[in-house]
Every structure is written in C-alpha cells, then in structure tokens.
Amino acid sequence: MLRRLQFIALRIFIVFIVLSIVWVVILRFLPVWVTPYMISRKIEAFRADDDTEIFHDWEAYEDISKEVALAVVASEDQNFPNHWGFDFDQIYNAVTEKRKRARGASTISQQVAKNVFLWHGRSFVRKGLEAYFTVLIEVIWDKERILEVYLNVAEMGNMTFGVEAASLRYYNKSSKKLSRYEAARIAAVLPNPIRFSIKNPSAYVKKRTGHIVRQMRYLGGQKYIAGL
C-alpha cells in the first residue's frame, strides 16, 4: 500500500510539473485575459454586494507608454533588469529591518507568478509554488514579457486590472499617451490600489508620485528598460 501511494504521488507530481511547464509556455505567447486573482476579486465583490464588473483591457507592450513600464520598475523593483526572479538584498533588508509593519520584498516576477498562476495568501505552500512559477517564467519568458504581463494584470484601481484599463478609466486616454507624471501616479497606488486612488489622490499618493518621478530620473529614464 505504501509503495502504491508513493507511485500515485510521483505520478501526480510529474503530471503537475508537465502541465505547469506547458501552461507557462502557452502564456509566453497568448494574452492573459483572466487570472485567479481577478476571479477572487469578483467573488469578494459579489459577497459584499458591490459592483462585480471587472475593468481589464489587454495591450501589447509596444503599445504601452514606456514611462509606465519605467514607473513600475522604479516603484516596485528597481533591480528587475538584473535579477533572476528574486532580489535577495531586498529580501534580507525586509527580514532584518525593525518595522512595525513588515515591508514587502516581492519582485515584479514574483508578483506575476502570484497573480497569474496562484491564489493570494500567506501559506508556505503558496509561497513555495510562487517561487517555483517565478523560476519557470524567468527561464521560459524574457524580461519584456514578464513586464508586459505585469502591466496588464496588476490591479491598478478597484476592480481595474492593467494599465490600459486604468488609463482609460482614470485619464480617458490610451496608456500609450501617458505622461511621466501620470505614469508615476499609477505606480504610486500599486501597494494598495483599493485604498489609494489615481483619480482622487491623497497627499500620500501625491508625495509618492513625486518620489517615483525622481527615481525614474535617477535610473536614467526609459533607456534603463530599453534592453529588456
């Protein structure tokens, strides 16, 4: 019986590995129209008797302002062009810093792995799977694709996913036409897009927007992400 159970477990493990690799390969080329997180947000809204409409509009990387791409890198993961999915310096800093509230150290790659392939939560199982999918997308996708998917699936406003949907909803124009300051404001709400607003920014969001603009300038502008 024990050997049989081991054999079944091994088969399940092999099937999971094969299917996950195939899944990642497929999404290397196809738009990501829906994610587990979008579904969970819709369920949450339904349970709360709120509006369940999802705002999402996939846009190819070449049709998105590179100011937005630079803004999210400057805001979320400045070492994105150089790391292999994990920024160990940031992880170390997050672990060793003494703060009342733990600081996040997830890279853009990790956030894509979580949003596209997994559920949100803090369990060790989910974190392990997040690391696994992070490695997969870093190996199978290139950096431009990872950033393209992030820009299209990250929640950038309440029930608003992706920069194109956010730009159309809050700026009434395509994401390709966003200015540096507008791009930075979108990036500024990413830590909590449900609480923070692009359309009606708080003093904190305005301050954070200015900081991101300075960081974009410090990184050297769009040329910082030109070679992804």
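The values are calculated or read from the model by the stated rules, or taken from the named source; none is laboratory data. This structure is a prediction, so every number in the text was calculated from the model and none was measured. As a convention, Cβ positions derive from the backbone with ideal geometry for all residues, glycine included, and neighbour counts pool all protein chains shown.
In segment 63-90, which residue that is under 21 Å from Tyr181 (Cα atoms) and of a type outside the set (A, V, I, L, M, F, W, C) is surrounded by the fewest Cβ atoms within 10 Å (Cβ to Cβ)?
Asp63
Rundown of residues vs (1) over 14 Å from the mean Cα position of the chain (by Cα); (2) without any contact (Cβ under 8 Å) to a residue 60 or more places away in the chain, yes/no style:
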{"position": "Leu5", "(1), (2)": "yes, yes"}
{"position": "Ile39", "(1), (2)": "yes, yes"}
{"position": "Asp50", "(1), (2)": "yes, yes"}
{"position": "Phe55", "(1), (2)": "yes, no"}
{"position": "Ala69", "(1), (2)": "no, no"}
{"position": "Glu76", "(1), (2)": "no, no"}
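For segment 170-228, which positions are at positive phi and in a helix (DSSP H, G or I)?
Gly221
Would you pick out the residues in segment 120-153 that are crowded, with 20+ Cβ neighbours inside 10 Å and of a type in the set (S, T, N, Q)?
Correct list: Thr134, Asn152.
Residue by residue through segment 197-222, note down the ones that are under 22 Å from Glu59 (Cβ atoms) and touching a Ser or Thr at 6+ places or on another chain (Cβ under 8 Å).
Ile212
Inspect all residues belonging to segment 76-93 and state whether any of them is modelled with pLDDT under 90, over 19 Å from Lys114 (Cβ atoms) and of a type in the set (S, T, N, Q).
So far as segment 76-93 goes, yes, one or more of its residues are modelled with pLDDT under 90, over 19 Å from Lys114 (Cβ atoms) and of a type in the set (S, T, N, Q).
Working carefully through the options Trp58, Trp33, find the one that is hydrophobic (A, V, I, L, M, F, W, C) and touching a strand residue (DSSP E or B) at 6+ places or on another chain (Cβ under 9 Å).
None of the others qualify; the one that does is Trp33.
Yes/no per residue for (1) surrounded by 11 or more Cβ atoms within 10 Å (Cβ to Cβ); (2) assigned by TED's automatic domain parsing to the domain that holds Glu155; (3) not aromatic (Phe, Trp, Tyr):
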| residue | (1), (2), (3) |
| --- | --- |
| Arg4 | no, no, yes |
| Phe7 | no, no, no |
| Ile14 | no, no, yes |
| Leu19 | no, no, yes |
| Trp23 | yes, no, no |
| Lys42 | yes, yes, yes |
| Arg47 | no, yes, yes |
| Glu53 | no, yes, yes |
